[in-house]
Amino acid sequence: MAQSSVEFDLAAGAPGESFWFSTDRRVSRDRRRGSATDGSGPDALCGRALANWIDGERRARLIVTRDLDVMWMNEAARVLRDEGEAFEICDGRLAPRSAIVAALVAAARPEEAGCAVAPGEGGRHWVAWAREVCTAPEALIGLTLQRARSEVRFQALIENHMLTPSEGRIIEMLLAGVETGRVAQALDISIETLRTHLKHAYQKLGVRSRGELFAEALSFVSP
């Protein structure tokens, strides 16, 4: 299958530059280069459609460097920027409210999207995904942010897998980004008891790590 690329302008990119997206979904690498089309061909039309599609998504999407320099963001991300609840942008650099988001971007890899639940202001929590979408000449990270309704949808996760109240509470706290030591302290149980509950919960959920737990929880996060 021939590989083709499509072009569209970045809303917040450098003047005169364009961003190229691969139209072959099996290839995840994007690349920067100058325009070679007249803007009227199928690729150009597809590029504009793709730009409109992503820009109109309800989830906030940004393209950032590993140093958190913002290269592009969609309308939902611009709304979040103006609200200042999940992040700010200072001198062109992303300043997330939670260090979890910065760590997620730093650890992003091209193979699959990493995921984490990060606390925001007002007691809200955010689900964040980060994936490396470009490797050269500079690594670029696709970052997605979405409000999590943990009190509703994570309860569905717990009920669906028939977790006990203790197991469910531990899972909820882990998904909220609480470290295991603080979970044990908050529930007034020993680390050994926590590990026993966690082992049983993981078995019921069919996961083996916190990363797999986040992946399993994604289907229970409201769109």
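Key figures
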{"item": "Amide hydrogen neighbours beyond the local backbone of TRP126, cut-off 5 Å, H modeled", "result": "ALA118, GLY120, ALA148"}
{"item": "Amide hydrogen neighbours beyond the local backbone of VAL133, cut-off 5 Å, H modeled", "result": "LEU140, ILE141, GLY142"}
{"item": "Ranked by how many other beta carbons lie within 10 Å on average, peptides 139-145, 68-74 from highest", "result": "139-145, 68-74"}
{"item": "Stretch gain in nm, segment LEU187-LYS204, where the contour uses 0.36 nm per residue and the Cα spacing is subtracted", "result": "4.0 nm"}
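Readers should treat all values here as calculations from the given coordinates under stated rules, not as data from a laboratory. Computed from a predicted model, the values in this text were never measured in an experiment. Here the Cβ is made from the backbone with ideal geometry for all residues, glycine too, and neighbour counts use every protein chain on show.
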